[in-house]
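Working notes, beginning with the structure itself.
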Amino acid sequence: DARKCLEELTQSAMSLVNDTLQTYTVLMFHSKDVALACVFFAAFKLGLEPSSIGEGGDGEKKNSNGEEFNPDERFSERWCERLGICDYNGLVVILEQMEEIYLSKRREQEVILDLGNVKRGLGSMSERGRGGGKRQRNL
């Protein structure tokens, strides 16, 4: 159900927020950008599409059939639109930091997420001139 998916998304995103405090990412980017990236990455980890959360969504996960979740390149665009993310280059940097944290925590369990399609989608969006602006903090 949609409520359960929202709770899982919230819990996963909050865990990621706590994890990012261990990186320099929180010094380089605005807290809102880091928070949105955490929601984005949590949705990726859980295999959720934006339509599955709220506004009449049924709460079904894209990978609910037990298969590995492998998002298409439009996954990034759909979530960026839904979350209002426009700095795709910044999102990639934040995601790379989160990916490192996630992989180091999961290495023992041999769980690996492939963010390749997500990064390609963000790259193509940036190349098309959508959201290439940088919002990094000046230190």
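The values are calculated or read from the model by the stated rules, or taken from the named source; none is laboratory data. Note that the structure is predicted; figures quoted are calculated from it, not measured. Note: areas computed on protein heavy atoms with side chains; ligands, DNA, RNA excluded. Shrake-Rupley method; radii C 1.70, N 1.55, O 1.52, S 1.80 Å.
With the convex hull drawn around the C-alpha atoms of segment 1-45, the volume per residue stands at 60 Å³.
Ranking of Lys32, Lys45, Lys105 by solvent-accessible surface, largest first: Lys32, Lys105, Lys45 (1.4 Å probe, protein heavy atoms only, all chains present). Amide hydrogen proximity for Phe29: with H placed 1.01 Å from N in the peptide plane, the residues at 5 or more positions away or on another chain lying under 5 Å are Arg137.
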